[in-house]
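Notes follow once the structure below has been shown.
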Amino acid sequence: MSHFNVPEWMPKPEAQKEVPTYWAREFRAKPVVKPFPIIEGLLSTGKRMLLGGSPKSNKSWITMHLALCVARGLPWMGFKTNRTMVLYVDFELDDWDLQFRMEEIANEIGIARDEDIDMQLLALRDADEAVTVAELRLLLKERIEALRASGSEHFLIIIDPFYWLLDENADELNPSQMVGILRSFRTLNRLGASIIFTMHFAKGSQAQKFAIDRISGTGGFGRDADVIMTVTSHKDELNAAYEFYVRSFATPKSFTAAWEFPLMVRNQKDPTDLREPKKSGRRQVVSDFELMEFARSVNRKFRRPDWIGTLIERFGIGRATAQRYLAELLAEGQLDESPSEKLVGVPGNMKFDI
């Protein structure tokens with residue numbers, strides 16, 4: 001193994017790091033240990049996964065079903081799982097509801113009350129004080145270390161939902177902030193844990209979007225995750241399409257499942273046949289997330305009439321709707337207007353077009 005040194009012309013860090021570098025032939029011969037497959041063909045130890053879904057798409061039921069299957073090594077939605085210790089962090093449900101869902105699903109998949117389930121639950125909805133990201137990482141690290149001392153080797157952490165990790169100052173459209181939160185959990189990945197974050201979709205129809213673009217917030221989410229699974233409303237009521245993006249395996253085929261309380265059950269419906277919005281001459285709703293992602297991607301400041309024309313062209317909306325959206329974003333401080341030049345853009349953006 002050789003080491004890469006920073007060239008003279010590059011700025012020197014305070015403490016220069018040695019970066020391991022290999023010749024290709026040397027690296028091919030290097031012994032490596034494959035990560036433990038928690039869900040075969042989908043998720044291994046040390047990885048981060050996003051599970052995104054439409055509002056009220058039974059994400060929490062889906063997640064609890066997945067957790068119980070992994071904790072017992074049972075098949076889940078056609079995937080083979082290997083028994084793994086699960087740490088289930090729930091911010092949204094009260095104890096009664098969480099217990100009810102777990103009991104209904106466990107009974108349905110054949111887990112008796114006297115059977116051991118390799119799962120610990122952290123029910124944080126009614127915590128006296130909000131748990132910060134740093135506090136949660138420390139809490140999970142302590143649980144992993146204690147469980148490892150008692151013989152557990154592999155871990156799956158489920159955090160439901162992700163948005164509860166955000167404080168009042170967080171900007172879901174800020175790539176640095178959001179990816180920074182995801183990557184801060186690498187300390188747990190290095191302890192042999194995989195992490196699943198449940199996420200919401202952005203507002204509006206998802207049928208015309210790629211699956212990777214449906215999750216609410218910055219596009220940095222999709223680029224950082226090792227696995228993305230989306231659950232999107234199908235045109236047939238009570239059905240949803242499951243789609244996957246996987247970094248380290250062949251991408252699983254999409255499929256459709258129907259809600260049959262308390263589980264989603266796979267069927268043979270076409271997963272590309274998604275629910276479409278009601279047809280009208282113009283698009284009626286554009287979410288703030290879409291507007292701000294577009295504004296950031298434009299990376300320019302324009303006068304108001306030019307912004308209105310740009311929004312009409314990009315989103316297929318009427319002039320009055322574009323004017324209203326622009327006024328709302330300015331009133332909320334999402335966009336600002338320079339008093340002298342009368343140019344509108346994202347705060348802090350220094351590029352101008354007249």
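With +1 on each Lys and Arg Cβ and -1 on each Asp and Glu Cβ, how big is the dipole of segment 67-128 about its Cα centre, in debye rounded to the nearest 20?
Its charge dipole is roughly 500 debye.
Summarise the accessible area of segment 100-143 (1.4 Å probe, protein heavy atoms) by the percent that is carbon and sulfur.
With neighbouring chains kept in place, the figure for segment 100-143 is 43 percent.
Please label the shape of segment 102-211 as rounded, prolate or oblate, based on the square roots a ≥ b ≥ c of the eigenvalues of the alpha-carbon gyration tensor (a/c under 1.5 means rounded; beyond that, a/b larger than b/c means prolate, else oblate).
Oblate is the answer for segment 102-211, as a/c is 1.5 or above yet b/c matches or exceeds a/b.
Would you mind getting the accessible area per residue of segment 47-100, heavy atoms of the protein chains only, 1.4 Å probe, in Å²?
Per residue, segment 47-100 has an accessible area of 34 Å².
Mind listing the long-range amide H neighbours of A193? Cut-off is under 5 Å, sequence gap 5 or more, other chains count too, H placed in the peptide plane at 1.01 Å from N.
Residues meeting the criterion, in which the H sits 1.01 Å from N, are G46.
Which net charge results when you count Lys and Arg as +1 and Asp and Glu as -1 among the other residues whose beta-carbon is under 10 Å from that of P161?
-2
Could you tell me which of the pairs K59/K80; K47/K80; K17/K141; K47/K141; K141/K253 are separated by over 24 angstrom between their Cα atoms in the structure shown?
Check vs 24 Å cut-off fails for K17/K141; K141/K253.
Can you work out the PRE-style zone for I117? Point 7 Å along Cα to Cβ, and I want the residues of segment 45-65 with backbone N under 11 Å.
Answer for segment 45-65: 64-65.
Grab the other residues whose beta carbon is less than 14 angstrom from that of I111, score K and R as +1, D and E as -1, and report the net.
Neighbourhood net charge equals -3.
Highest mean first, what order results for 189-201, 255-267, 75-87 on Cβ atoms within 10 Å?
Averaged packing, sorted descending, gives the order 189-201, 75-87, 255-267.
Along Cα→Cβ, 7 Å out, is where each label goes; now give me the distance between the ones at R223 and D270 in nm to one decimal.
It is 3.5 nm.
How large is ³J(HN,Hα) for each residue in segment 240-245, as worked out from phi by the Karplus curve 6.51 cos²θ - 1.76 cosθ + 1.60 (θ = phi - 60°), to whole Hz, x for Gly and Pro?
8, 9, 9, 10, 9, 10
Could you compute the net charge surrounding R72? Neighbours are other residues with a C-beta less than 14 Å from the C-beta of R72; K and R count +1, D and E count -1.
Around R72, the charge tally is -2.
The values are calculated or read from the model by the stated rules, or taken from the named source; none is laboratory data. Note that the coordinates shown come from a computational prediction; the quantities given were computed from them, not determined experimentally. Glycine also receives a Cβ, built like all others from the backbone with ideal geometry; neighbour counts cover every protein chain displayed. Note: areas computed on protein heavy atoms with side chains; ligands, DNA, RNA excluded. Shrake-Rupley method; radii C 1.70, N 1.55, O 1.52, S 1.80 Å.
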